[in-house]
Amino acid sequence: MPRIASGAALCVVVALAAACASTPPSRFYTLSPTAPSGTATSKLSVVVGPVSIPALVDLPQMVVSAGQNQVSIDEFNRWASPLPNNISRVVAANLVRLLGTPRVSQFQQSLNADADFRVAIEVQGFESAPGEAASLDAAWLVRRTRDGKAEAGRTSVREPASERGYDALAAAHSRALGRMSQDIADAIRALDRAAP
């Protein structure tokens with residue numbers, strides 16, 4: 001009897017090892033800054049955040065469109081960090097380049113209570129369609145801290161992702177964030193010029 005039990009245990013171990021070996025490895029993706037570096041320099045300071053995103057995509061896994069009213073959660077293709085943090089990091093890096101100032105930080109990491117401008121972002125749509133496009137729909141608010149003067153805006157953009165892979169999808173989302181960063185930089189410059 002013990003020989004049968006040990007044989008059964010060995011079969012279970014072999015089956016588990018085979019199942020683990022056939023599971024594809026997880027892949028991790030991150031967003032990246034896409035804004036070109038400008039030649040102008042400034043002494044402006046900016047804090048980016050908070051950033052809010054829809055609960056549907058506030059997951060480590062990539063959520064992709066699987067039809068008009070259907071999404072799929074991909075267990076093996078994931079974001080390397082929480083999406084709100086990933087977005088604020090990329091927008092901050094883009095603003096460093098666009099505004100020509102190193103004094104841009106993320107809300108959750110900022111010690112600069114006296115920043116010249118604060119940027120809040122509410123992502124209302126963050127859609128991923130592999131082989132098609134990445135879509136971003138976001139409302140944002142730039143506030144001049146000195147007097148509370150603010151400018152609200154909205155960026156809605158669809159960036160093509162012609163390749164089927166998730167690398168192309170992450171790159172398309174990065175380009176969409178680059179376009180939103182440009183809109184935010186324009187608003188910051190306008191508020192700065194209009195400062196009394």
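What follows draws every value from the coordinates through simple rules; no lab data is involved. Owing to the predicted nature of the structure, the values given are computational and were not obtained by experimental measurement. No Cβ is skipped: glycine too gets one built from the backbone with ideal geometry, and neighbour counts run over all protein chains shown.
Estimated from the Cβ-Cβ distance and a Förster radius of 25 angstrom, the FRET efficiency linking residue 72 and residue 122 is about 0.50.
Compared with the direct C-alpha span, the chain from residue 30 to residue 129 gains 34.0 nm at full extension, assuming 0.36 nm per residue. For the pair residue 152 and residue 81, a Förster radius of 35 Å applied to the C-beta separation gives a FRET efficiency near 0.80, rounded to the nearest 0.05. When each of the peptides 166-179, 38-51, 78-91 is scored by the mean number of other C-beta atoms lying within 10 Å of its residues, the order from highest to lowest reads 166-179, 78-91, 38-51. Working from label points 7 Å from Cα in the Cα-to-Cβ sense, the residue 108 to residue 52 distance is 1.6 nm.
Taking the DSSP beta bridges with both ends in the chain, the antiparallel portion is around 70 percent. Available extension along the chain between residue 61 and residue 194 is 43.6 nm, counting 0.36 nm per residue and deducting the alpha carbon span. Measuring nothing but how far apart in sequence close Cα pairs (under 8 Å, 6+ apart) lie, relative to its length, the chain scores a relative contact order of 23 percent. Calculated mean residue ellipticity at 222 nm for the chain: -11500 deg cm²/dmol, from DSSP H runs with n ≥ 4 weighted as -39500 (n - 2.57), summed, divided by the residue count and rounded to 500. Highest GNM mean-square fluctuation among 143, 164, 154, for the chain modelled with Cα contacts below 10 Å: 164.
Here the ratio of the Cα radius of gyration of the chain to 2.2 N^0.38 Å is 1.35. Helices that extend 24 Å or more along their long axis by alpha-carbon positions and average at least 1.6 on the Kyte-Doolittle scale are, among the DSSP H runs of the chain, 2-22. The separation of region 55-70 from region 121-147, counted between C-alpha centres, amounts to 16 Å.
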